[in-house]
Amino acid sequence: MTFERDLLGGARVTVKLPTALATAATVDEIVAFKAPYNLTVDAVRYLPNVDLSGVTATEVTLAVNNRELDGAGTVEIASLSFVTAVDADAFEEKVIPVTSTVLDAEVDEGEIVTIVKSVTSTGLALDGSVEIEYHSNG
């Protein structure tokens, strides 16, 4: 039997960020997807609807985490803090660097991958979507 993962070699999930994250001070975590098979995350990109000007005093961090099977995992797969001189232009993808620790980018079948917004002080609004690319480990 041939499976999608055998034919495509890689896959991509695009998640629209909920309206709540467009409120500057909102801290939240949302489910991006449940891993359909053992996989490795290759790339993460933020696709903003509006310009985002990073300011250290109101820092916002956008991350992708592996919550594992029980939902209690805290492994950070990718992360980018919007601080002074770290900006994002509307409708242009902004790369969120994937961890250099290979094991942290691996997700086992059934584990939950989430998108996390955290803030310092009043934070910044996030609007748009996050794209996660991965390939099968099997």
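The values are calculated or read from the model by the stated rules, or taken from the named source; none is laboratory data. Nothing here was measured: the structure is a model prediction, and the numbers come from that model. No Cβ is skipped: glycine too gets one built from the backbone with ideal geometry, and neighbour counts run over all protein chains shown.
What's the total number of residues in the range 98-112 that are in a loop (DSSP other than H, G, I, E, B) and touching a residue at least 40 places away in the same chain (Cβ under 8 Å)? Step through it out loud before you land on a result.
Start the filter on the range 98-112 by keeping residues that are in a loop (DSSP other than H, G, I, E, B), which leaves 99-101, 108-111.
Okay, now just the ones that are also touching a residue at least 40 places away in the same chain (Cβ under 8 Å), so 108-111.
Residues that pass the stated criteria total 4.
Suppose the filter is in a loop (DSSP other than H, G, I, E, B) and out of contact with any His (no Cβ under 6 Å at 6 or more places or on another chain); does Glu92 pass it? Step through it out loud before you land on a result.
Numbers: in a loop (DSSP other than H, G, I, E, B): yes; out of contact with any His (no Cβ under 6 Å at 6 or more places or on another chain): yes.
It is true that Glu92 is in a loop (DSSP other than H, G, I, E, B) and out of contact with any His (no Cβ under 6 Å at 6 or more places or on another chain).
Here's the yes/no breakdown for (1) within 22 Å of Ser136 (Cα to Cα); (2) surrounded by 15 or more Cβ atoms within 10 Å (Cβ to Cβ); (3) in contact (Cβ under 8 Å) with a residue 24 or more places away in the chain:
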position	(1), (2), (3)
Glu29	no, no, yes
Ala35	yes, yes, yes
Leu47	no, yes, yes
Ser53	no, no, yes
Leu62	no, yes, yes
Ala85	no, no, yes
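Which of the following residues is surrounded by fewer than 17 Cβ atoms within 10 Å (Cβ to Cβ), acidic (Asp, Glu), modelled with pLDDT of 95 or more and not in a helix (DSSP H, G or I): Asp42, Asp70?
Working: Asp70 fails: modelled with pLDDT of 95 or more.
Of the residues listed, the single one that is surrounded by fewer than 17 Cβ atoms within 10 Å (Cβ to Cβ), acidic (Asp, Glu), modelled with pLDDT of 95 or more and not in a helix (DSSP H, G or I) is Asp42.
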Can you pull out the residues in the range 26-39 that are in contact with a Ser or Thr (Cβ under 6 Å, 6 or more places away or on another chain), under 20 Å from Thr122 (Cα atoms) and assigned to a strand (DSSP E or B)? Glu29
Any chance the range 7-22 includes a residue that's over 13 Å from the mean Cα position of the chain (by Cα), loosely packed, with under 14 Cβ neighbours inside 10 Å and either in a strand (DSSP E or B) or on the phi > 0 side of the Ramachandran plot (or both)? yes
Picked from the range 54-67 (must be out of contact with any Phe, Trp or Tyr (no Cβ under 8 Å at 6 or more places or on another chain) and part of a strand (DSSP E or B)), the residue farthest from Asp104 (Cα to Cα) is Ala63
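Inside the range 100-116, can you point out the residues that are in contact with a Ser or Thr (Cβ under 9 Å, 6 or more places away or on another chain) and either hydrophobic (A, V, I, L, M, F, W, C) or surrounded by fewer than 16 Cβ atoms within 10 Å (Cβ to Cβ) (or both)? Before the answer, list the steps.
In the first step, residues of the range 100-116 are kept if they are in contact with a Ser or Thr (Cβ under 9 Å, 6 or more places away or on another chain); the result is 102, 105-107, 116.
Within the range 100-116, Val102, Ala105, Val107, Val116 qualify.
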If we scan the range 109-117, do we find a residue that is out of contact with any helix residue (DSSP H, G or I) (no Cβ under 9 Å at 6 or more places or on another chain) and among the acidic types (Asp, Glu)? yes
Output the number of the condition that Thr14 fails; it satisfies all remaining conditions of (1) farther than 29 Å from Ser121 by Cβ; (2) out of contact with any strand residue (DSSP E or B) (no Cβ under 8 Å at 6 or more places or on another chain). (2)
